[in-house]
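The values are calculated or read from the model by the stated rules, or taken from the named source; none is laboratory data. Because the structure is a prediction, the values reported are computed rather than measured. When we count neighbours, we look across all protein chains shown, and the Cβ atoms used for this are built from the backbone with ideal geometry, even at glycine. Remember, those area values only see protein heavy atoms, side chains included, never the ligands or the DNA or RNA. Shrake-Rupley method; radii C 1.70, N 1.55, O 1.52, S 1.80 Å.
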Amino acid sequence: MTHTESHITDYRVYGWVLLALLILTTITITVTWIDLSALTVLVALIIASVKSFIVLRYFMHLKFESRLFTVFVVMVLSIYILVIALTFFDYLLR
Amino acid sequence: MEMHRDDIGAKLGMWLFIFTEILLFGGLFLVYAVMRHRYADEFHQAAHQLNAFIGTVNTVVLLLSSATVAMSITAVQKGEKRKGVLFILVTLICAGIFLFNKYFEWGHKFSIGLYPGSDMMIGLKHGYILFFSLYFFMTGLHVLHLIVGSIILTVIMIRIQTGSINKERYVLLENGGLYWHLVDLIWIFLFPLLYLIT
Amino acid sequence: MAEAITHSYLENTGKYKGILAWLTTTDHKRIGLMYMYAMMVFFIVGVLLGELMRLELFRPGQQFYNAQTYNGIFTIHGIIMIFTVVIPGLAAVFGNFSMPIMIGAHDVAFPRLNLFSWYLFILGAAIALSSQFLGNGPPDTGWTFYAPYSTQTHTNVVAAVFGAFVLGFSSILTGLNFIVTIHRLRAPGMTFFRMPLFPWSLYATAWIQVLATPIVGITLLMVIAERWLRIGFFDPSLGGDPILYQHLFWIYSHPAVYIMILPAMGVITEIIPTFAQRRVFGYKAIALSSLAIALVGYFVWAHHMYTSGMSITARWVFSLLTFLVAVPSAIKVFNWVTTMYKGSISVKPPFLFALGFIFLFMIGGLTGLSLGSLATDIHVHDTAYVVAHFHYIIFGGVGFAFFAALHYWYPKMYGRMYNFRRANMAFGFLFVGFNLLYFPQFVIGIMGMPRRYFDYLPQFTLGQQISAVGGLLLLIGIIIMLANLFSKKGAKAPDNPWGGSTLEWTVPSPPPVENFDEIPVITGEPYNYE
């Protein structure tokens, strides 16, 4: 098995990614000052998802790896979300 | 016989392991979702008891540590050994700060008698009990992963120094980095769900 | 290296001799055998515990021991059989032994991790078994550890639960290893759709192992935390919900049934074409139905909970999903039967066991449908009917497939043949004994005999006594089978005794250390008989 040439990410890219993550953290903290009542958790989850998307894509190199890895990640997360959804068929409708 | 070397295979293995970790925490997030659904108001109030400032500091620290791990891969790929070691060192320092904060955060709660199984905790409202149980269980398991990750990164740092991780073979560093990012990923969800739902 | 290749894997060539050479091996074939030996010990213990229950149930009232002992026995019988025998089962033994050879690899992707899985397996089993001797007596919760009882009973639940947790991690690592092996180490030219169907079924199984097992891992930790720290997740007096435990438990434990049965189906799919000397019918349908079972099987867990008090909507949603799983399972059965059609069938022991599997699995599967539908399940829930159903699937299915695989690959494993006449006799005892043992349980279950009961009403006596006779025949069958296989050396086996067409039959029996001198290049489909 030959060692395939890897992608080398520039330091600056990680710098920008870190900045983006910190800005998103600021946003997620700031919105807690606004009363969104029922939407609070939803907003928090959306921002967290965006942050994890960035972490997965850049820090965890999904952008540069074989597509297979991305397919697996999407599959695993979909299965997990479906499991939660099915569980709530019980808890929401009991 | 010459050891068969397959970096992509090694990374695939690491990703599969990360999936199991995600689902391990997934079980806890499921419990969280159900309990929050049942006790939305009490979760809301209980979250006020957590120190959002420490939580925020720890978030920043973890994000920074994730960035430096990623940067150390770049350094090793470029053959800049010294930088590679330094970046990991920064990560480890960040991990230390995180642990330090967590120690005081937990210590404070223990000192006022708030810990699983304590008389004070059993006497609280149901939603409070479950919130704090989840808080201790989830952050506890997370800290355990952080400690394991730190040990792994320490080994990796030494190996960069001795040159057994180098420009040509650095898959161990990549996998250690993946594990560290997992610790970060979990925290990205724990932080808003525990500290910010006030 | 060229010299090592001429040695069979059974000869010691490394620096250690004897048992140490085995305990430090990273050869997938040796690890497969080590799983098999350990599992056989557990299996025999589990069988004897089962026989003890049949003895006690021979007549109504107390016969030999009291009700608490009975509770302990059915619990440890379940823990041993489920967690240490059938869950690792075919994947750990034959997956390890045959799969790398079948895909044309020297070994699995992570050989040392593979050995580590085996040690975790032994460690987990030891911890689980220690629950019998330490603490406040054997656990009495049943293998499902249902909360809130499991969080309150004074028996030694923690050891059993922690043992199951460790066993789970062994299973995860095996699954991880197999996925990477199948992705990265297939021989050149072997595309996914040129891969034999046993590796296909292992691939689907491995995904369930990786994705479902962590859920039960964390759940078992919650039970321990509940007992030690009163975290309250499952304790209604602290606001928790016991039904949530059932959800979490079955989110793993239902897919776990597919961890057990998928490799069994894979083995049958290897055996039928070989002994019918025909190309397998519907190759792609069988391959993809494995993935379909794995996927849909993940979303049917709550059919174990129709009577638990969950919402009505959830009940019919899960009932619907449950019926969907029957479709890919039936696809497989039809394809096996169609493969045999117009084949030149030679009825040798592995084929007999495979036929036994199809017959018993069909009974188990069809009775499963009656349990999957809401109305009938309410009637037979927690009765002997359920016991009969899952023994038809787990023992009649997985067990018979294990015996089939053992008789199929035995010549490859040891380079020796066995006595066919005795093997057929063992099959006869096993098949008749099995049906006598479990069929009456369907009948008394419908009549109202509850499961896990120590005592029963007089009208169930006849059924229980037929079962006891069946149990005895089954035990005789197991003894004949094991004696036939392991008591004395048979004639030397040729490389390809059955005329199989997959790669493991192209290497010597027993295979050399690294399996292949030179990795073969694959140019066509695996089942090429025409």
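Counted over all Cα-Cα pairs of region C:1-128, pairs farther apart than 17 Å make up 65 percent. With everything on Cα atoms, drop me the angle between helix C:461-486 and the longest principal axis of chain C, reported from 0 to 90° to the nearest 10. Taking the Cα atoms of chain C, the angle to C:461-486 is about 30 degrees.
Here is the interface size for C with A: some 1600 Å² of accessible area buried, both sides summed, with a 1.4 Å probe. Within the assembled protein chains, the solvent-accessible surface assigned to C:His154 is about 150 Å², based on a 1.4 Å probe. Label separation (A:Ser78 vs A:Arg57): 1.9 nm, computed from points 7 Å beyond Cα along the C-beta direction. Amide H contacts under 5 Å for C:Thr383: C:Arg451, restricted to partners 5 or more places along the chain or on a different chain, H placed in the peptide plane at 1.01 Å from N.
Rounded to the nearest 10 degrees, what's the angle between the helix B:171-195 long axis and the longest principal axis of chain B, both from Cα atoms, 0 to 90? Taking Cα atoms only, the helix is inclined about 20 degrees. The dipole here belongs to region B:7-195: it is taken about the Cα centre, uses +1 on the Cβ of Lys and Arg and -1 on the Cβ of Asp and Glu, and is about 440 debye. From the alpha carbon centroid of region C:426-491 to that of region C:39-92 is 13 Å. Per residue, region C:141-300 exposes an accessible area of 22 Å² to a 1.4 Å probe, with every protein chain left in place. Pairwise alpha-carbon distances in region B:155-198 exceed 12 Å for 66% of all pairs.
The gain in end-to-end length when the C:Val333 to C:Ala67 segment is fully stretched comes to 91.7 nm, 0.36 nm per residue minus the alpha carbon separation. With a threshold of 23 Å on the Cα-Cα distance, the over-threshold entries among A:Lys51/B:Lys109; A:Lys63/B:Lys102; C:Lys332/C:Lys412; A:Lys51/B:Lys78; A:Lys63/B:Lys78 are A:Lys51/B:Lys109; A:Lys63/B:Lys102; C:Lys332/C:Lys412; A:Lys51/B:Lys78.
Maximal additional length on extending the C:Ile345-C:Phe192 stretch stands at 52.3 nm, based on 0.36 nm per residue less the C-alpha distance.
In this structure the amide hydrogen of C:Met305, modeled in the peptide plane, comes within under 5 Å of no amide hydrogen from residues 5 or more places off or on another chain.
Counting only DSSP H runs of at least 4 residues, each contributing -39500 (n - 2.57), and dividing by the residue count of the protein assembly as shown, the helix-based mean residue ellipticity at 222 nm comes to -23000 deg cm²/dmol.
Note on C:Val432 and C:Ile44: their simple-model spin labels are 2.5 nm apart, each label 7 Å out from Cα toward Cβ. Model label sites at C:Phe133 and A:Ile8, defined 7 Å from Cα along the beta-carbon direction, differ in position by 5.9 nm. Share of Cα-Cα pairs in the protein assembly as shown beyond 48 Å, in percent? For the protein assembly as shown, the share of Cα pairs beyond 48 Å comes to 22 percent. Computed packing ranks the peptides A:78-85, C:237-244 as C:237-244, A:78-85, most packed first, by mean other Cβ atoms within 10 Å. Remark: chain C carries a charge dipole of roughly 780 debye about the Cα centre, counting +1 on each Lys and Arg Cβ and -1 on each Asp and Glu Cβ.
When A:Trp16, B:Trp180 are compared by accessible surface with a 1.4 Å probe, the order from highest to lowest is A:Trp16, B:Trp180. Distant-in-sequence amide contacts of C:Arg416, defined by a placed amide H-H separation under 5 Å and a gap of 5 or more residues or a different chain, comprise C:Ala493. Taking the C-alpha atoms only, the angle from helix B:7-38 to the longest principal axis of chain B is near 10 degrees.
Taking the square roots of 5 times each eigenvalue of the Cα gyration tensor of region A:1-63, largest first, gives ellipsoid semi-axes of 33, 13, 4 Å. Surface burial for A against B, with a 1.4 Å probe and both sides summed, reaches about 4200 Å² of accessible area.
Given their separation in residues at 0.36 nm each and the Cα-Cα distance between them, C:Asn528 and C:Lys488 gain 10.9 nm when the chain is fully extended.
Annotation for region C:342-384 versus region C:261-295: alpha-carbon center distance of 16 Å.
Average 1/r across all pairs of distinct alpha carbons in chain B, invert it, and you get the Kirkwood radius: 18.2 Å. With semi-axes defined as the square roots of five times the eigenvalues of the C-alpha gyration tensor, the equivalent ellipsoid of chain C measures 37, 26, 24 Å, largest first.
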